[in-house]
Ligand code: NAD
Ligand code: GLY
């Protein structure tokens, strides 16, 4: 069993990674008292809820089963979680467990942050994307019709269990979406990892267990290091948002759930590299290598054809990185190193934003 720690002083927590770690890691050590509230969704409940509750026979276990989809990541549905917490008289020693992908994890974490001003919280991510990104680092929250992930809180879990056995049932489109965030880590932080990804991308797409474990561990190590340095995103943590300002605009424009988060991040990352290239910071070679990697992972490399420059600018202007009305972007200085900047000419940004209309997209 592989493990690592997110170092945050007395709020540090472990991440266990591997096949069967759910059974191996003694989950109950991280449960505070008798009451447990599992939050999951309609797809995951029939597949994995019973397996989890069997590990908790000595506890008073309640559950909330949410509808499945990014479009339900809203305050209304978090309120359903609060309803169930109150109806079942959960108290301050309750442990909430998120069993699912990033949508369930973000909503459960937010509910855990708010309920009685904060209860114990465990992440059991069941998608690749959630294992390498959303379950780690304590960003929780919901979408608003005017902006993605705009309502939320930083709230760290006590434990993350990244069991790759969940991927047996994971649809291939979701596998690709998770790989998008893995590629991000190579680009922003680790040139060697990027090269490893170029050599092993076919294994990840085929869900090869050894390759997946390595990629998840390396991604979590990078994320843990970044979060330990900058938990609340005052600086380097923003690097983790490479491609996200473009990607969130795509997700919001297309209607939540129509483009998967990872798909939007892939197209957005190509856009960030395209602008970095126009600025002369990176060469065409790195842009081409990145596009090839995304294509091999069956991910889009351009935004939706119908999305106008104005629509992009409008949606990007509500991004959380906007400062004094100026759009700031995560761009790439060289392979393995990102930068957050507003130092780009508007006409160059507009050239990048119009790339969808000239490209063949999904
Ligand atoms: P998701 O939660 O919607 O899950 C994807 C789909 O796969 C869903 O239909 C889900 O029911 C299904 N599924 C999950 N696990 C499965 C399994 N093992 N077998 C079969 N089906 C399974 O999407 P996601 O990609 O996991 O997460 C995306 C969300 O995460 C977005 O809302 C995004 O904003 C958020 N996110 C948050 C952070 C963060 O730091 N908090 C980081 C990245 C992304
Ligand atoms: N997914 C970006 C972050 O956690 O900061």
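Each reported figure results from applying straightforward, stated rules to the coordinates on display, with no laboratory input. What you see is a predicted model, and the numbers here were worked out from it, not measured in a lab. Positions of Cβ are generated from backbone atoms using ideal geometry, with glycine treated the same way; all protein chains shown enter the neighbour counts.
Things worth noting here:
- On Cα atoms only, tilt of 209-229 relative to the major axis of the chain in degrees: 90 degrees
- Here is the tail figure for the chain: Cα pairs spaced more than 40 Å apart come to 10 percent of all pairs.
- Angle in degrees between helix 261-278 and the longest Cα principal axis of the chain, rounded to the nearest 10: 30 degrees
- Considering helices alone, the calculated mean residue ellipticity of the chain at 222 nm is -12500 deg cm²/dmol, with DSSP H runs of length four and up weighted by -39500 (n - 2.57) and normalised per residue.
- Computed E for residue 343/residue 234 - FRET, C-beta separation, R0 22 angstrom, nearest 0.05: 0.70
- Per residue, the average separation of C-alpha pairs within less than 8 Å and at least 6 apart gives the chain a relative contact order of 15 percent.
- Segment residue 208-residue 87, extension gain: residue separation times 0.36 nm, minus the distance between their alpha carbons: 39.2 nm
- Classified by the C-alpha gyration tensor, segment 122-172 has an oblate form. Its axis ratio a/c, with a ≥ b ≥ c, is 1.5 or above, and a/b does not exceed b/c.
- Axis of helix 191-205 versus longest Cα principal axis of the chain: the two differ by about 70°, to the nearest ten degrees.
- Peptides 219-225, 153-159 ordered by average Cβ neighbours within 10 Å, highest first: 219-225, 153-159
- Scoring 46-58, 164-176 by mean Cβ neighbours within 10 Å over their residues and listing the highest first yields 164-176, 46-58.
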